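The values are calculated or read from the model by the stated rules, or taken from the named source; none is laboratory data. Treat the numbers as computed from the prediction; the structure is a model and nothing was measured. Heads up, the Cβs are rebuilt from the backbone with ideal geometry, glycines too, and the neighbour counts pull from every protein chain shown. SASA here: full protein model, heavy atoms, side chains in, ligands and nucleic acids out. Shrake-Rupley method; radii C 1.70, N 1.55, O 1.52, S 1.80 Å.
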2 protein chains.
Amino acid sequence: MIDIEEFGIYEGISEVIFTTISHKGIPNAAPIGLHMKNGKLFARIYNSKTLDNILSNPVACANIVDDPVLFVRSALSDIEPGKIEFIEGFPVLKEAMGWIIFDCRCQKGENISVVDLSTIKSKISRRTIKPINRGFNSVIEAAIHATRYVVFKEQKYLEHIDYYNIIVQKCGGRREKEAMKLLYDLIRS
Amino acid sequence: MIDIEEFGIYEGISEVIFTTISHKGIPNAAPIGLHMKNGKLFARIYNSKTLDNILSNPVACANIVDDPVLFVRSALSDIEPGKIEFIEGFPVLKEAMGWIIFDCRCQKGENISVVDLSTIKSKISRRTIKPINRGFNSVIEAAIHATRYVVFKEQKYLEHIDYYNIIVQKCGGRREKEAMKLLYDLIRS
């Protein structure tokens, strides 16, 4: 029995990186909101590689991460293969603080599908103490707006990103600034 | 020798709660940005109870916290005495994940003073694993805008708070929602 609260997951939406694997064995990583409501865990997943992978192989791993560069890269690009390790054939992120592998039950929708999650296996690798950093938090918000920007190309998303970038430059550390640089490179490419 | 990086403090600005004590022995708690630049630690502190306390007793404790309710309360009101414990006569927050007590050297300015900090004593009580929660992060942003709103009473700060409240209601857990309720109660009172 896996106690989800041990992973710091409570009611609400936790932002994690989902790793999945295609039927050809190619791993994928992407940020997903892990919902917990009335004790039930689920994700709402747009049509994407993550969804395709879950539909062909109904397993997903929620990786709990604290590196802003890793978050941005998974949101807008592909994670480098060296960042991934395989646990009984399933991809997880080496740098994750912890991960939970889920069995998935997908209710397919036209644009968005609801995926119910049951825990299979989990690991906690690392616990930390870390003060609040508005720069880190702003990278996450910017990354979410960036995923919308690359799809819809609307100016308003860029304005949000620029707003958060000011906070990153003021409050962030080296990794947060690297993450923002990567974000701008990836949305301009 | 205290290794500040063990507390997750790197270059940039970490948001912590400063506890200080007045010359009459009354403790105070308020959120402060802990700056680290070129290996030096300092805070930029507006005229406030925190600054008065540091001027009369040049010691401050940086409490690293993860409870959104505690953060909002310290930003906009007084922390309940029951939340404070005394270490060799100096107030720290019981619920802090860790704390660092600093010797302060204050360069007084007209509105804002720069306080250089040297570590004296520290403790780590608790390390955690916690996924990114946009609700939690939004409480922090809302609290910062709220501290400006109560001083300047400008509508734009309320609009920022309302924007972040939408994210809190969507992504936050029980404590984040409690924190937002408290925030609105305190800025309306």
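Before moving on, here are some points about what is shown:
- A simple charge model with +1 on the Cβ of Lys and Arg, -1 on the Cβ of Asp and Glu and nothing else charged puts the dipole of region A:147-189 at about 100 debye relative to its Cα centre.
- With DNA, RNA and ligands ignored, accessible area of A:Cys106 (1.4 Å probe; Å², nearest 10): 50 Å²
- Efficiency of FRET from Cβ geometry, A:Lys94 and A:Ile26, R₀ 22 Å, rounded to 0.05: 0.80
- Electrostatic bookkeeping for B:Cys104 treats Lys and Arg as +1 and Asp and Glu as -1; over the other residues with beta carbon under 15 Å from its beta carbon, the sum is +3.
- Gyration tensor (alpha-carbon) shape descriptor, region A:31-101, a/c threshold 1.5: rounded
- Percent accessible area from carbon and sulfur atoms, region B:46-189, protein chains only, probe 1.4 Å: 50 percent
- The residues of region B:34-151 expose on average 43 square angstrom of accessible surface per residue, using a 1.4 Å probe on protein heavy atoms.
- Euclidean distance between Cα centres, region A:102-140 to region B:13-72, Å: 33 Å
- Counted charge near B:Arg126, where neighbours are those whose Cβ lies closer than 12 Å (Asp, Glu -1; Lys, Arg +1): +3
- Calculated FRET value between B:Gln155 and A:Leu186, using beta carbons and R₀ = 35 Å, to 0.05: 0.45
- Summing Cβ point charges (Lys, Arg +1; Asp, Glu -1) relative to the Cα centre of region A:7-148 gives a dipole of roughly 180 debye.
- Greater than 18 Å apart at Cα, pairs in A:Lys130/B:Lys123; A:Lys170/B:Lys130; B:Lys37/B:Lys123; B:Lys24/B:Lys49; B:Lys49/B:Lys156; A:Lys49/A:Lys177: A:Lys170/B:Lys130; B:Lys37/B:Lys123; B:Lys49/B:Lys156; A:Lys49/A:Lys177
- Lys/Arg +1, Asp/Glu -1 at C-beta; the protein assembly as shown dipole; positive extreme among A:Ala96, A:Gln107, B:Phe18: A:Gln107
- Where B meets A: accessible area buried, both sides, 1.4 Å probe, Å²: 3100 Å²
- Distance in nm between pseudo-label sites at A:Met1 and B:Asn57 (7 Å out along the Cβ direction from Cα): 4.8 nm
- Estimated from helices alone, the mean residue ellipticity of chain B at 222 nm is -11500 deg cm²/dmol (sum of -39500 (n - 2.57) over DSSP H runs with n ≥ 4, per residue).
- Global form of region A:69-153, assessed from the alpha-carbon gyration tensor, a/c cut-off 1.5: oblate
- Overall form of region A:46-189 per C-alpha gyration tensor (a/c, 1.5; a/b vs b/c): oblate
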